[in-house]
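Values in this text are rule-based calculations from the coordinates and carry no lab data. As the structure is a prediction and not an experimental result, all values here were calculated from the model. No Cβ is skipped: glycine too gets one built from the backbone with ideal geometry, and neighbour counts run over all protein chains shown.
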Amino acid sequence: MKFSLIEYHKHMLGDRVRLEAYREAIKLVVKQGDIVVDIGTGTGILAMFAVQAGASKVYAIENSSLATEAAELIRLNEMSEQIQIINERSDRVVLPELADVVISEILGHFGVDENMAYFLNDARKRFLKEDGIMLPSHLKLFIQPVSAPTTVDRYLSPWTNDHFGVDLSAVRPMALNKRLLLEGDETVHPLAPLFMIADQDYLDFVKPTAVYNGEAIIETEGRFDGLVGYFASELTDGFILGSSPGMARTSWRPSFFPCQTSLDLVKDDLVKFTLKTITQGESVFWDWQINVERDGQSLYRSDLTEFELRKEELLLRKNSTFPVLNHRGAEIKLVLELSDGNRSIIGIAQTLQETFPDRYRSIEKARETVTTYLGGNMKT
Ligand SMILES: C[S@@+](CC[C@H](N)C(=O)[O-])C[C@H]1O[C@@H](n2cnc3c(N)ncnc32)[C@H](O)[C@@H]1O
């Protein structure tokens, strides 16, 4: 788990375009003595940029266990006095003061898909001074109908009726219910100009669950395989990052929303689309519908979704369900009950390990869980 987290962050820390843009934008926005909040601090890198820019206090919030390494890196860089790591999801954090700047980098491959809208809306309302600054300040999303033969082939090639003499075609409809990502060297052929489906200002109210509509008139005839989604995020005036054509390449990749079946389009065909984000816990799933009209008549409809309701989630939606604690709930209950001000962290960790021996083979892991659940609420 830790290794995959470290790999994920290594990938992002290797993205120089991203880091240079953030560092320059933070230098411009953060003033001497500012109070800053960093949502999703990861390794703490943006929080440290904020201190370099003059921040006197940074609340660096990170929900994953990487918070431990972030604290170590901050100590190594002699910034522990200015930066306070909070190991919690941002919407569960209460801060003692309001901030001049809220920094975040919780941008997914299609901008909003790390549930950014919800978390930034919450952060702006609860953490930011009235005249404070959000960085990034804006997000734009674009859609374009395309031919994407290489992408379709890469994702769907085994699911045919003759793969090494075996019929695997029954899996094809399932495989299509997935937002895909273009690979670095993969090219798609636009059939119409880019259409902007969202222009969000993070100082304004941002709807947490969003429905994005748009339409495009076909200018170049060709096989229509799906929609490509790009984003552009403005950090501050003049600093824009993203996955859109013509922008400096970053670690974010364009998204591809396939059609149920490909079809040939001609000039002036009208492609109408609706994309919806569906939030489930901390994840965001996409649902996308495509309608094609020719000469005012409906020609084609495609309706795909990557949202899968599991049995437990269906039960949670019913008022008549009698809930029981899952593993995580039982652990949290135990840790909270034991946190009565009379037991040490290691003592609570030992009880946690004794109660759930299969889940806690090492005391370090139990200790890590205790500190995660307790956050900053400790009597010293
Ligand atoms: C894309 S990484 C960016 C990390 C770091 N800020 C950087 O720029 O290298 C996003 C990080 O935010 C964390 N994260 C996402 N949403 C969060 C939230 N609402 N509260 C706390 N952490 C969050 C993730 O665990 C992840 O470590």
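Computing FRET efficiency as 1/(1 + (r/R0)^6) for residue 267 and residue 201, where r is the C-beta to C-beta distance and R0 is 35 Å, gives about 0.45.
Remark: 203, 107, 304 ranked as 203, 304, 107, counting other beta-carbon atoms within 10 Å and listing the fewest first. Take the residue pairs 125/272; 27/140; 333/365 and return only those whose Cα atoms are more than 28 Å apart. Check vs 28 Å cut-off fails for 125/272. Within the chain, DSSP assigns beta bridges of which about 75% are antiparallel (rounded to the nearest 5).
In which sequence would 146, 324 go, from the one with the fewest C-beta neighbours within 10 Å to the one with the most? Write out the running numbers ahead of the final one.
Details: 146 24, 324 7.
Fewest-to-most Cβ neighbours within 10 Å comes out as 324, 146.
With the helix formula -39500 (n - 2.57) applied to DSSP H stretches of n ≥ 4, the chain reaches a computed 222 nm mean residue ellipticity of -8500 deg cm²/dmol. Taking amide hydrogens as placed 1.01 Å from N in the peptide plane, the amide H of residue 128 sits under 5 Å from those of 99, each at least 5 positions away in sequence or on another chain. Applying both filters, DSSP loop and at most 12 other Cβ atoms within 10 Å, to the GluC sites (Glu not before Pro) of the range 40-110 gives 78, 81, 97.
Size of the range 327-374: Rg and Dmax of its alpha carbons, in Å, are 9.3, 27. The length gained by stretching the chain between residue 95 and residue 77 to full extension, at 0.36 nm per residue less their Cα-Cα distance, is 4.1 nm.
Looking at the range 234-302, the trypsin sites (Lys or Arg not before Pro) that sit in a DSSP loop and have at most 11 other Cβ atoms within 10 Å of their own Cβ are 249, 267.
Tell me the net charge near residue 150. Cut-off is 13 Å between Cβ atoms, residue 150 excluded, with +1 for each Lys or Arg and -1 for each Asp or Glu. Don't skip to the answer; put the middle values down first.
Numbers: positive: 154, 223; negative: 153, 183, 185, 186, 225.
Residues near residue 150 contribute -3 overall.
The length gained by stretching the chain between residue 294 and residue 365 to full extension, at 0.36 nm per residue less their Cα-Cα distance, is 19.5 nm.
Counted by neighbouring Cβ atoms within 10 Å, the residues 39, 103, 240, 6 run from fewest to most as 6, 240, 39, 103. Residue by residue, the range 215-231 carries 3J(HN,Hα) couplings of 8, 9, 9, 5, 10, 10, 6, x, 7, 8, 9, x, 10, 9, x, 10, 9 Hz when phi is fed to the Karplus relation 6.51 cos²θ - 1.76 cosθ + 1.60 (θ = phi - 60°); x denotes Gly or Pro. Inter-part distance, the range 320-353 to the range 114-173, computed on C-alpha centroids, equals 36 Å.
Taking the convex hull of the Cα atoms, report for the chain its projected area averaged over all directions, in nm².
Details: hull surface 94.2 nm².
Mean projected area for the chain: 23.6 nm², to one decimal.
Give me the percent relative contact order of the chain, please, defined on Cα pairs under 8 angstrom at least 6 residues apart. Let's see the in-between values first.
Values: 728 pairs, mean separation 51.9, N = 380.
That works out to 14 percent.
Of all the options 184, 242, 111, the one that moves most in a Gaussian network model of the chain with Cα springs shorter than 10 angstrom is 184. What the phi angles of the range 73-86 give under the Karplus curve with 6.51, -1.76 and 1.60, with θ = phi - 60°, is a coupling list of 5, 5, 5, 4, 8, 6, 10, 5, 5, 8, 10, 10, 7, 10 Hz, glycine and proline written as x. Annotation: extensible slack from residue 65 through residue 354 equals 101.9 nm (criterion: 0.36 nm per residue apart, minus Cα-Cα distance).
For a label point 7 angstrom out from the Cα of residue 6 toward its Cβ, which stretches of the range 33-65 have the backbone nitrogen within less than 15 Å? Residues passing the 15 Å test: 43, 65.
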